[in-house]
Amino acid sequence: ETLNPQTTPLTGKNVIVTAGGTRERIDPVRFITNDSSGKMGYAIAEEMAQRGADVTLISAPTKLAPPAGVAMVDVLTTEDLADAVTSAFKQADILVMAAAVADFKPISSADQKIKKSADNDEMTIKLTKTADILKRVAQMKRPGQLTVGFAAETQNLLDNAQKKLISKQLDLLIANDVSKPGVGFNGDTNQVTILQPDQAPIKTTLADKHVIAKQVVDQISQRVQKEG
Ligand code: CTP
Ligand code: CA
């Protein structure tokens, strides 16, 4: 391999990255989703590939072009994403769950377009909880496999993030305060706090998502090297 002569701790590692916002159908023409652009996950997948990892990007719908050198798997719903992740995780060294996963989905999706009725100004869609993919992955996790989660918070960032780090048995948790301008969903920039079980939180500056991706991947790379 003459193209990539430099080896890094991530060279040859099997890495799964998820990105985008999952879609839950209401009827044939309507769905529930969220503001995720997929940019953070795509930037992480690209950075991992540049460091020699063997990257699979499992993506819910986005407007982004696939990053160079990455194998793409397209999904729509949380259930699709859960199936793709749990099947790929068996072979994986590292999982990065950057996808913004729907927490609830309609109890059922209507076969025909839902009509409005003349005699009722209100309508209710009954929702049911989706599976927590990272919790499911925690049950399958073998020694040496690293799992990385994200946390989008609008309040009590560190407390809420710390709880997710523990409850999902993560090695790293990337927390963003999405109530701040320029942070999190949709934009080109982000500012994150990286939590690890045995380390003080690391707070990055507000920067382009590609710069944040490098900092996140640096931390993952250091953990891989330590656990080597
Ligand atoms: N996640 C997941 N499965 C879900 C929901 C979220 O695997 N059904 C993952 C996300 O991809 C993210 C992490 O869990 O890496 C945290 O997501 P977040 O929405 O911040 O937390 P939740 O556990 O869903 O809790 P809440 O939304 O109530 O804060
Ligand atoms: Ca959630």
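Nothing in this text is a laboratory measurement; each read-out follows from the coordinates by a stated rule. Because the structure is predicted, anything quoted here is derived from the model rather than measured. Glycine gets a Cβ as well: all are built from the backbone with ideal geometry, and neighbour counts include every protein chain shown.
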Per residue and in Å³, how big is the convex hull formed by the alpha-carbon atoms of the range 1-106?
-> 95
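Give me the net charge of Lys180's neighbourhood, meaning all other residues with Cβ under 15 Å from the Cβ of Lys180; Lys, Arg count +1, Asp, Glu -1. Could the numbers behind the result be given before it?
Numbers: positive: Lys203, Lys209; negative: Asp35, Glu153, Asp177, Asp188.
My count for the surroundings of Lys180 gives -2.
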When a/c is below 1.5 the answer is rounded, else prolate if a/b is larger than b/c, else oblate, so apply that to the range 126-228 with a ≥ b ≥ c taken from the square roots of the Cα gyration tensor eigenvalues.
-> oblate
Helix-only mean residue ellipticity at 222 nm for the chain, each DSSP H run of n ≥ 4 adding -39500 (n - 2.57), per residue, nearest 500 = -8500 deg cm²/dmol
Chain lengthening between Asn156 and Asp83 when straightened (0.36 nm per residue, less Cα-Cα) = 23.1 nm
Go through Lys126/Lys214; Lys39/Lys115; Lys39/Lys168; Lys90/Lys180; Lys129/Lys203; Lys39/Lys105 and tell me which ones have a Cα-Cα distance over 30 Å in this structure.
-> Lys126/Lys214; Lys39/Lys115; Lys90/Lys180; Lys129/Lys203
If you average 1/r over all unlike Cα pairs in the chain and invert the result, what Kirkwood radius do you get in angstrom?
-> 18.4
Among the GluC sites (Glu not before Pro) in the range 1-86, which ones are in a DSSP loop with at most 15 other Cβ atoms within 10 Å of the Cβ? Mind listing them?
-> Glu1
One finds, for Ala138 and Asp74 with R0 = 22 angstrom and r their Cβ-Cβ distance, a FRET efficiency to the nearest 0.05 of 0.30
Pick from Gln191, Gln91, Gln112: which is most flexible by mean-square fluctuation in a GNM of the chain where alpha carbon atoms under 10 Å apart are linked?
-> Gln112
Asp111 versus Asn186: modelled label distance in nm, points set 7 Å from Cα along the beta carbon direction | 3.7
At a Förster radius of 41 Å, what calculated FRET efficiency corresponds to the Cβ-Cβ distance of Asn120 and Ser179, to the nearest 0.05?
-> 0.70
